[in-house]
1. Taking Gly250 and the conditions (1) more than 10 Å from the ligand (Cβ to nearest atom); (2) farther than 23 Å from Leu298 by Cα, which numbered condition does it fall short on, given that it satisfies the others?
2. Touching a residue at least 12 places away in the same chain (Cβ under 8 Å), touching a helix residue (DSSP H, G or I) at 6+ places or on another chain (Cβ under 6 Å), closer than 26 Å to Asp316 by Cβ and in the same structural domain as Ala154 (by TED's automatic domain parsing): which single residue out of Leu120, Leu112 fits that description?
3. Return the total of residues in segment 188-205 being part of a helix (DSSP H, G or I) and either within 16 Å of the ligand (Cβ to nearest atom) or within 19 Å of Asn95 (Cβ to Cβ) (or both).
4. What pairs come up if the first residue lies in segment 215-228 and is over 23 Å from Ser243 (Cβ atoms), the second is open to solvent by less than 30 Å² (accessible area, probe 1.4 Å) and more than 8 Å from the ligand (Cβ to nearest atom), and their beta carbons are under 6 Å apart, counting only those six or more places apart or on different chains?
5. Assuming Arg161 fulfils every condition listed in (1) over 25 Å from Asn89 (Cα atoms); (2) assigned to a helix (DSSP H, G or I); (3) in contact with a Phe, Trp or Tyr (Cβ under 8 Å, 6 or more places away or on another chain) apart from one, which condition is it?
6. Contact list please: Cβ distance under 7 Å, first residue in segment 21-50 and in contact (Cβ under 8 Å) with a residue 24 or more places away in the chain, second residue among the β-branched types (Val, Ile, Thr) and open to solvent by less than 40 Å² (accessible area, probe 1.4 Å), pairs at least six apart or on different chains.
7. Determine which single condition Gly157 fails, assuming it passes every other condition in (1) within 19 Å of Ser37 (Cα to Cα); (2) modelled with pLDDT under 90; (3) surrounded by fewer than 17 Cβ atoms within 10 Å (Cβ to Cβ).
8. Take the residues in segment 96-109 that are more than 16 Å from the ligand (Cβ to nearest atom) and modelled with pLDDT of 95 or more, then tell me which one is farthest from Lys131 (Cα to Cα).
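The values are calculated or read from the model by the stated rules, or taken from the named source; none is laboratory data. As the structure is a prediction and not an experimental result, all values here were calculated from the model. Heads up, the Cβs are rebuilt from the backbone with ideal geometry, glycines too, and the neighbour counts pull from every protein chain shown. Side chains included, ligands, DNA and RNA excluded: accessible areas come from the protein's heavy atoms. Shrake-Rupley method; radii C 1.70, N 1.55, O 1.52, S 1.80 Å.
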Amino acid sequence: MLLASAVLLLGAGTARWHWRLPPDVQAPPVPADNAMSAIKVELGRRLFYDADLSANGTMACAACYEQKRGFADGNATRPGVHGEPGRRNVPGLANVAWRPVLTWGDPRVTTLEAQATIPLLGERPVEMGMKALEAELPRRLGRDACYVRMFARAFPGRMGRIDTGTVSAALAAFQRTMIALDSPWDRYRAGEMDALSPLARQGAAQFAALGCTACHGGRDLTDDRYHAVRGRDPHDEGLAEASGLASDAGRFRTPSLRNVAVTGPWLHDGTAKSLAAAIARHGAIPSEDASPALLAFLESLTDAAFLTDPRYAMPDRACGRRL
Ligand code: HEC
């Protein structure tokens, strides 16, 4: 009896994660030291919506990532917890598990675990402002018996420790489950010919003919590389900041166009207020190319179910405070 419950407990923490993916899509890579589990994903979801992750308890991850906006936020940039202006536009979070590099311009950030520490601890700019308050995390979250249990089950190998490492790991596990592969465009590609309107089909052809796919190619419409499509930005050096190479100034990572119709405003500084403006700002592409057909195609990249899927929504029975 005792043995049976021990096995059950163990099972809860280590059961293999079942990815629900279309048959032609391979499961994304997962770091060896952060295996997926249902309890870890659930913990990550609660943490994602918990404002206790910010210095003064006012800002959850979800403050900048709204599900109905494809987990972008509707602002050009977003001030941090102390009011310091944000620097770059919040990108959407669909299919981030497959991105080999994250953020607009730093190829050193290769895992969601590493990325999560940037808003938490970053100082350029200060976002959630926890740099000097890391010891606060176990204190705040540890007050809640439910959190303590969840950390214990999600991180048996780390003795249920509550710290920046386990918090980031749980957030990463949750974000790996944010999968949007059921847009009209996906259904069209899977052989459902009338999933796309004739106009959107025409737009898809234009998208290829105009060379957009050279950078916005593949299943997630990104090459995960860095390009200067707008020349230099006097306020932001882009990739050059991380690489130190002057030739990288103005280069930014190609954004995935998944759900792009709802993730505006667009571009790294959020200065494009419409999709047509975002396209027009690609220096080499004449603005008249933002045709109704092209826009209809971009709209067909929205996975409507992703925007309302309860698995990504704020949990109704959260351990942390309600937002
Ligand atoms: C040379 C590579 C390249 C090509 C070709 C290209 N793009 Fe882009 N695209 C980018 C990069 C890089 C950005 C981000 C630029 C920035 O923010 O400074 C971007 C941004 C965008 C955005 C805004 C996305 C967001 O989330 O902010 C849209 C929409 C877009 N491109 C559509 C297109 C379309 C349509 C075409 C073809 C007409 C095209 N792009 C061609 C690299 C490219």
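1. Failing condition for Gly250: (1).
2. Leu112
3. Matching residues across segment 188-205 total 10.
4. Asp220/Asn95; Asp220/Arg258
5. (2)
6. Val41/Thr177; Leu47/Val167
7. So Gly157 meets the others, but not (2).
8. Among those that are more than 16 Å from the ligand (Cβ to nearest atom) and modelled with pLDDT of 95 or more, it is Trp98.
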